[in-house]
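**Student:** The following block contains the structure, expressed as structure tokens.
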Amino acid sequence: MDFIDWDFIVSRAPLFWAAAKLTVKLAVGGILLAAALGFLCAVARFYRIPVFNQIAYFYIELARNTPLMVQLFFLYFGLPRLGLVWEGQTCAIVGLTFLGGAYMAEAFRGGLAAINRNQVESALSIGLSRIQTLRYVIAPQALAVAWPAISATVIFLMKETSVFSIVALPDLMYVAKDLLKEGHSGETNLLLILSYLTIILPVSLFFGRMERRLRFAGFGS
């Protein structure tokens, strides 16, 4: 494979390593916050909590029907006009949380909807409070049912980090676009693909393994 400039790949690999670490850091922060936000919205929607139900519905529709790139543009370039200036990393995490929370909410709501109402009534009849019922009876089963949708959302959000470069973050895409100016498009694309595979493939395998375990244990079926 003499047509590949291995010296270029070896010399530029540390740049992609640093960019990959930044990408993972932002992805983990945004996804964890998105999961928390999504669960709260799912509870508000599922139990039709007054006011919060309407707010959650509006938020979900807004987030799911606008691209992450547009949301990041607003956070990074629009907010300063309103007197609020955030650095690129903050915009990236907030944007990923905003987008991901909507998809997580629908995933969790699907899991909640799959729970048999008789289980809820039985838990309440033995003296459990609504919060205890949610924590010990509903949430574990809902999580198992929603797991495939959650895993798909996590992988989707990790791939969406590819637009973080528009807020001047030295992520993988930013480094790749910068190196393309040197004319090594094949080697740069190879490094970019390998970087994303190294990040996303283990996550995909982990979620797949967990899903099989949940099915084997009798959850989510």
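**Student:** Kindly establish whether residue 217 is of a type outside the set (Lys, Arg), surrounded by fewer than 14 Cβ atoms within 10 Å (Cβ to Cβ), closer than 21 Å to residue 12 by Cβ and modelled with pLDDT under 85.
**Tutor:** For residue 217, the condition - of a type outside the set (Lys, Arg), surrounded by fewer than 14 Cβ atoms within 10 Å (Cβ to Cβ), closer than 21 Å to residue 12 by Cβ and modelled with pLDDT under 85 - is not met.
**Student:** In the stretch 155-176, which residues are under 21 Å from residue 77 (Cα atoms) and part of a helix (DSSP H, G or I)?
**Tutor:** The answer is 160, 161, 162, 163, 164, 165, 166, 167, 173, 174.
**Student:** Within the group 139, 152, 146, which residue is surrounded by 18 or more Cβ atoms within 10 Å (Cβ to Cβ) and under 27 Å from residue 30 (Cβ atoms)?
**Tutor:** Details: 139 fails: surrounded by 18 or more Cβ atoms within 10 Å (Cβ to Cβ); 152 fails: surrounded by 18 or more Cβ atoms within 10 Å (Cβ to Cβ).
Going through 139, 152, 146 in turn, the sole match is 146.
**Student:** Now, a different point. Is one or more of the residues making up the stretch 84-100 buried (at least 17 other Cβ atoms within 10 Å of the Cβ), of a type in the set (Gly, Ala, Ser), part of a helix (DSSP H, G or I) and without any contact (Cβ under 8 Å) to a residue 60 or more places away in the chain?
**Tutor:** no
**Student:** Determine whether residue 106 is among the charged types (D, E, K, R), out of contact with any Leu (no Cβ under 6 Å at 6 or more places or on another chain) and under 29 Å from residue 174 (Cβ atoms). Talk me through it step by step, then tell me what you get.
**Tutor:** Working: among the charged types (D, E, K, R): yes; out of contact with any Leu (no Cβ under 6 Å at 6 or more places or on another chain): yes; under 29 Å from residue 174 (Cβ atoms): no.
So residue 106 fails the test.
**Student:** Find all pairs meeting these conditions: Cβ atoms under 9 angstrom apart; at least six residues apart or on different chains; first residue within the stretch 43-68 and surrounded by fewer than 17 Cβ atoms within 10 Å (Cβ to Cβ); second residue outside any helix (DSSP H, G or I).
**Tutor:** Short answer, once both residue conditions are applied: 53/47.
**Student:** Just need a number here: residues in the stretch 147-176 that are more than 15 Å from residue 22 (Cβ to Cβ) and either without any contact (Cβ under 8 Å) to a residue 60 or more places away in the chain or among the hydroxyl-bearing types (Ser, Thr, Tyr) (or both).
**Tutor:** Of the residues in the stretch 147-176, 7 are more than 15 Å from residue 22 (Cβ to Cβ) and either without any contact (Cβ under 8 Å) to a residue 60 or more places away in the chain or among the hydroxyl-bearing types (Ser, Thr, Tyr) (or both).
The values are calculated or read from the model by the stated rules, or taken from the named source; none is laboratory data. Computed from a predicted structure; not experimentally measured. With ideal geometry, Cβ positions are generated from the backbone for all residues, glycine too; neighbour counts draw on all protein chains shown.
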